[in-house]
1. Within segment 392-407, identify whether any single residue is hydroxyl-bearing (Ser, Thr, Tyr) and at pLDDT 75 or above, and answer yes or no.
2. Return a yes/no flag: does segment 57-66 have any residue that is aliphatic (A, V, I, L, M) and surrounded by 23 or more Cβ atoms within 10 Å (Cβ to Cβ).
3. Whether any residue in segment 72-91 is in contact (Cβ under 8 Å) with a residue 40 or more places away in the chain, in the same structural domain as Ala209 (by TED's automatic domain parsing), among the β-branched types (Val, Ile, Thr) and closer than 30 Å to Ala158 by Cβ is what I want to check.
4. Any chance you could count how many residues in segment 11-25 are over 31 Å from the mean Cα position of the chain (by Cα) and over 13 Å from Asp61 (Cβ atoms)?
5. Could you check, for segment 238-245, whether at least one of its residues is surrounded by 20 or more Cβ atoms within 10 Å (Cβ to Cβ), outside the structural domain of Lys315 (by TED's automatic domain parsing) and in contact (Cβ under 8 Å) with a residue 40 or more places away in the chain?
6. Quick one: how many residues across segment 92-102 are in contact with a strand residue (DSSP E or B) (Cβ under 8 Å, 6 or more places away or on another chain) and either within 13 Å of Glu193 (Cβ to Cβ) or surrounded by fewer than 23 Cβ atoms within 10 Å (Cβ to Cβ) (or both)?
7. When you go through Leu17, Leu38 one by one, which is the residue that is over 23 Å from Val246 (Cβ atoms), outside any helix (DSSP H, G or I) and in the same structural domain as Ser257 (by TED's automatic domain parsing)?
8. Glu337 - would you say it is at pLDDT 80 or above, in the same structural domain as Val287 (by TED's automatic domain parsing), loosely packed, with under 15 Cβ neighbours inside 10 Å and part of a helix (DSSP H, G or I)?
Amino acid sequence: MYGNKDQMRMPIVEALLQHMRMERTSAHVPGHKTGKGLDPLMDALVGQAYMLDFTELPDLDDLHRPDGVIAEAQRLAAFAFGADDTYFLVGGSTAGNLAALLSVLEVDDVALIARHAHQSVWNGLTLARAQGVMIEQERDDVTTWSDVERALAEYPDARLVVLTSPNYDGVTSDVEAIATLAHARGCLLMVDEAHGAHFGFSSAVPRSALSQGADLVVQSTHKMLTSLTQTGMLHLKGTRISRHRVQAMLRVVQSSSPSYLLLASLDAARKWVMAGGDVQIGRMAGVLEEAKSLLNAERETIVQGAAERERDPFKWQVSAESFHCTSLELRQALEREFGIYPEKHDAFYVLLAWSPASARRDVERVVKALLALRTRVYADTPLPTAVCRVYEAVGSVLYDAIVPYPPGIPLLFAGDCLTEEKARAIEQLWRAGVAMDGIHAMDGRVLSLQEVRA
């Protein structure tokens with residue numbers, strides 16, 4: 001058990017600083033030798049960080065066999081996030097998803113997968129040689145209790161249910177109800193909570209998946225908290241999962257030379273959220289709700305808000321229709337004219353991803369830009385009418401998956417039959433400027449599937 005005083009410590013950071021003061025000669029990797037071999041520009045930019053870029057030394061522990069400061073940092077994180085055990089990830093949620101699936105699934109086990117799962121989940125199923133069954137969803141953006149109930153009725157021998165909650169746009173499932181259902185049927189519940197590491201630390205945001213009964217939870221700590229890009233955490237709850245196997249699979253999918261800067265940033269992010277970050281989450285959520293109300297008083301611009309319990313208040317979907325333009329035009333106007341860079345856009349919306357570390361002045365800058373853009377009249381030019389070869393493929397079986405990125409969630413899988421509805425969706429995304437694996441442009445207007453077989 002750890003109290004607030006313990007949560008103010010950063011074991012990895014403290015050990016790195018102590019070792020930096022102690023070491024005089026580096027006769028070990030890495031080759032930059034605590035920054036001595038840096039280009040002058042890199043030295044000026046991040047030279048101090050290089051001084052803490054060490055390897056697995058006796059006083060710095062080992063991520064893959066932790067029994068020192070890394071083990072202590074992971075125990076502090078488990079307490080902070082409400083897990084029984086927590087493992088640090090230096091390969092993002094991708095590494096966590098792969099390790100989790102390889103840990104709990106045997107060959108030919110059945111796993112029920114949310115339709116909007118990240119591609120790393122499908123890759124993990126392939127590596128595990130398990131059977132992945134897509135859950136048919138009533139809504140495109142969320143997996144409901146009834147969706148899972150129908151899937152479990154059809155596949156009563158399923159070993160695992162995998163949810164994505166929240167999704168990229170901040171919409172969450174009723175994890176508690178689904179966890180109760182899954183456990184009653186003998187299933188484990190895994191939640192890809194990559195965009196929800198801040199959940200549960202304030203009443204202003206949804207509850208965490210761990211607090212609602214999930215057995216395995218994967219988080220990209222860097223997405224919504226304050227650690228460096230590429231970092232995450234894998235949390236476990238309960239006794240049904242072999243810790244030995246989880247650690248073994250993490251050794252398989254993660255680097256044998258993990259960056260101590262990444263590990264230190266996870267340590268510091270945990271302290272940040274426990275040292276007042278919870279207050280900052282609530283405060284920033286309030287700022288965003290106030291700004292959303294101001295925008296919607298002028299025009300229905302932001303279509304999601306903090307008042308909706310199942311949504312993350314830090315994700316804003318800005319409707320391009322409200323500005324009488326395409327989502328690509330809206331995104332480009334924000335970037336080129338105002339220096340505001342959104343997370344992504346799709347056929348209808350521009351997504352703005354805020355975080356508890358966002359500044360009020362940045363929110364105000366976005367509000368000012370959107371209010372300025374709302375008075376602009378965009379030319380109602382028709383979309384290009386060139387023949388689209390996607391429609392020629394309607395009724396055919398796709399050889400390659402069609403994957404809009406971001407978010408990296410397959411729209412169609414290899415082996416799917418292309419329907420007219422999906423063809424329309426592909427064309428809408430393409431004309432909105434969304435990049436998609438599995439499709440290439442023949443002349444800037446014409447769409448073509450890479451390979452199709454009848």
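1. Taking segment 392-407 first, the residues hydroxyl-bearing (Ser, Thr, Tyr) are 396, 399, 405.
From the residues that got through so far, the ones that are at pLDDT 75 or above too are 405.
Scanning segment 392-407 turns up at least one residue that is hydroxyl-bearing (Ser, Thr, Tyr) and at pLDDT 75 or above.
2. Going through segment 57-66, the residues aliphatic (A, V, I, L, M) turn out to be 57, 60, 63.
Restricting the remaining residues to those that are surrounded by 23 or more Cβ atoms within 10 Å (Cβ to Cβ) gives 63.
Yes, that holds for at least one residue.
3. In the first step, residues of segment 72-91 are kept if they are in contact (Cβ under 8 Å) with a residue 40 or more places away in the chain; the result is 72-73, 75-91.
Imposing the further condition that a residue be in the same structural domain as Ala209 (by TED's automatic domain parsing) reduces the set to 72-73, 75-91.
Keeping just the survivors that are among the β-branched types (Val, Ile, Thr) gives 86, 90.
Restricting the remaining residues to those that are closer than 30 Å to Ala158 by Cβ gives 86.
For segment 72-91, residues in contact (Cβ under 8 Å) with a residue 40 or more places away in the chain, in the same structural domain as Ala209 (by TED's automatic domain parsing), among the β-branched types (Val, Ile, Thr) and closer than 30 Å to Ala158 by Cβ: present.
4. Of the residues in segment 11-25, the ones over 31 Å from the mean Cα position of the chain (by Cα) are 18-25.
Restricting the remaining residues to those that are over 13 Å from Asp61 (Cβ atoms) gives 20-25.
The total comes to 6.
5. Scanning segment 238-245, I find no residue that is surrounded by 20 or more Cβ atoms within 10 Å (Cβ to Cβ), outside the structural domain of Lys315 (by TED's automatic domain parsing) and in contact (Cβ under 8 Å) with a residue 40 or more places away in the chain, so the answer is no.
6. Taking segment 92-102 and keeping what is in contact with a strand residue (DSSP E or B) (Cβ under 8 Å, 6 or more places away or on another chain), we get 92-93, 95-97, 99-101.
Imposing the further condition that a residue be either within 13 Å of Glu193 (Cβ to Cβ) or surrounded by fewer than 23 Cβ atoms within 10 Å (Cβ to Cβ) (or both) reduces the set to 92-93, 96-97, 100.
Final tally of qualifying residues: 5.
7. Working: Leu17 fails: outside any helix (DSSP H, G or I).
Every option except Leu38 fails the conditions.
8. Values: at pLDDT 80 or above: yes; in the same structural domain as Val287 (by TED's automatic domain parsing): yes; loosely packed, with under 15 Cβ neighbours inside 10 Å: yes; part of a helix (DSSP H, G or I): yes.
Yes: the conditions hold for Glu337.
The values are calculated or read from the model by the stated rules, or taken from the named source; none is laboratory data. None of these values were measured; they are calculated from a predicted model. Quick reminder, even Gly has a Cβ in these numbers, built from the backbone with ideal geometry, and neighbours come from all protein chains shown.
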